[in-house]
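One structure is given here, and the rest of the page talks about it.
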Amino acid sequence: MRVIGMLSGTSYDAVDAAVAELAIEGDAVVLRPRGLHTEPYPAPLRDALAACLPPATTTLEAVCRLDTELGRFFGAVAARANAALAAGRADLVVSHGQTVYHWVSGARARGTLQLGAAAWIAEATGLPVVSDLRTRDIARGGQGAPLAALLDALLLLNADPAADPADPGGPARGALNLGGIANITARGDGGEVLAYDLGPANALIDAAVTEATGGAERMDAGGARAARGRVDRALLADLLAEPYYRLPPPKSTGKERFHAAYLRARVEARGHAPTADDLVATLTELTAELVARACRAHGLGELVVSGGGVRNPALMARIRALAAPTRVTGAEEYGLPAQAKEAHLFALLGFLTVNGLPGNVPSATGASGPAVLGSLTPGAGPLRLPEPPAGAAPRRLVIEPVEPAPQTASGSRSGGPGRA
């Protein structure tokens, strides 16, 4: 089956559409990457989205308009990815949508809202669409995040020592995504898969740059500001006192908590503001410290990193320095480009959905049990689902390279996808 997986993350700067061929072979899902198509948001759509996000107030009219315009844009992107990377022969589109609110109360997720109406994508492509991938996990008591735990567990983590004591798989390996929010996947002491949101990655850095430049810049391009700035250790200590960081997993968060007003309040509470570059350097250090703490807590010998943050050399340098002796590697070493990993994740999740297989990892999200994720919108033709595979759910993800996977783009992008 040829599947288009689409993601727009918490950085909401662009949409990634990855095309993959997926098949179930024995106890494995085999994924053959066919390339990545990326398109930045048109400026008016990005501005309309930013105006609706917390802590801003909005109206149902604005939400309705945004849901429609996002759906139209996602549909156009999916159609172009189908033409460019699948010769117009894709079978399915899987759209994460654009998160506008992730409702967390105390230690529990209560709901989540992703916009980008799937009917517009189905109309634009003629293909069935899987969407709304987080709500079912939340309905079973889970956090609805990070959904990346499934791909990480099947591809990147060591063998489960409880299931196969003879194959410990070498030094403990974890997976990190650096989007608007940073999330990590690792194994617990009993071999179970743990995954949770660490806290901000690009979210606060982008907010600081945007505010300092009046919107002329929206990110720390190339980590230049962090490289010029000096860490304000007193402010860093204040930021690290955030209660969220002390909550045990499973846990999830987003820009509902970590936004420009949050940062402004903490800077103003200290009575004086650091320079813009010093603030960005301090926020970069915050993310690196959160990652390093997680590496120590899970005893990681290797950390596999993906997401838009890998293009920030200042952030990656601080992560390597603070996380040492943990070896920091890229998802490319395991067959998936760091930029395309999350889009391929959603292709995988939607493929499992149409095959009647669960896509969540209950030990990671806190759900009461496995769940088939998402809602299915029919395409132009009759809806025909595969017969559910015989036997147990797949235990491995195998990446089979094809010809060098092309990457197409209609413009440049900035921070990269967000928390998956």
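The values are calculated or read from the model by the stated rules, or taken from the named source; none is laboratory data. Since we're looking at a predicted model, the values are computed, not measured. Neighbour counts are summed over all protein chains in view; Cβ atoms, including those assigned to glycine, are modelled from backbone coordinates with ideal geometry. Side chains included, ligands, DNA and RNA excluded: accessible areas come from the protein's heavy atoms. Shrake-Rupley method; radii C 1.70, N 1.55, O 1.52, S 1.80 Å.
Of note:
- Kirkwood-Stokes translational diffusion coefficient of the stretch 49-151, alpha-carbon pairs, 10 °C, 1.306 mPa s, µm²/s: 107
- Across the stretch 278-284, rounded Karplus estimates of 3J(HN,Hα) from the backbone phi angles (6.51 cos²θ - 1.76 cosθ + 1.60, θ = phi - 60°) give 5, 5, 5, 4, 5, 5, 5 Hz, Gly and Pro being marked x.
- Cα point-scatterer Debye curve for the stretch 116-231, base-10 log of I(q)/I(0) at q = 0.16, 0.20, 0.22 Å⁻¹: -0.96, -1.05, -1.11
- Label zone (THR58, point 7 Å along Cα-to-C-beta; backbone nitrogen cut-off 14 Å) within the stretch 103-141: 103, 112-117.
- Accessible area per residue in Å² at 1.4 Å probe, computed on the chain: 39
- Remark: the stretch 330-342, residue by residue, has Karplus-estimated 3J(HN,Hα) of x, 4, 4, 5, 10, x, 10, x, 4, 5, 9, 4, 5 Hz, where x stands for each Gly or Pro and the curve is 6.51 cos²θ - 1.76 cosθ + 1.60 at θ = phi - 60°.
- Quick note on the stretch 309-370: its Rg to Rh ratio, both from C-alpha atoms and Rh being the Kirkwood radius, is 1.11.
- For ALA23 and ALA409, the difference between the fully extended length at 0.36 nm per residue and the C-alpha to C-alpha distance is 136.3 nm.
- Annotation for the stretch 63-100: trypsin sites (Lys or Arg not before Pro) lying in DSSP loop with at most 10 further Cβ atoms inside 10 Å of their Cβ are ARG89.
- Carbon and sulfur %, accessible surface of the chain computed with the full protein complex present, 1.4 Å: 55
- For the chain, convex hull of alpha carbons as volume per residue, Å³: 131
- For peptides 258-265, 312-319, 370-377, sequence by mean Cβ density within 10 Å, most packed first: 312-319, 370-377, 258-265
- Note, ³J(HN,Hα) from phi for the stretch 172-185, Karplus 6.51, -1.76, 1.60, rounded to Hz, x at Gly and Pro: 4, 10, x, 10, 10, 10, 10, x, x, 10, 8, 10, 10, 10
- Packing-based order for 222-229, 38-45, using average beta carbon neighbours within 10 Å, highest first: 222-229, 38-45
- In the context of the full protein assembly, GLU217 retains an accessible surface of approximately 80 Å², using a probe radius of 1.4 Å and ignoring ligands and nucleic acids.
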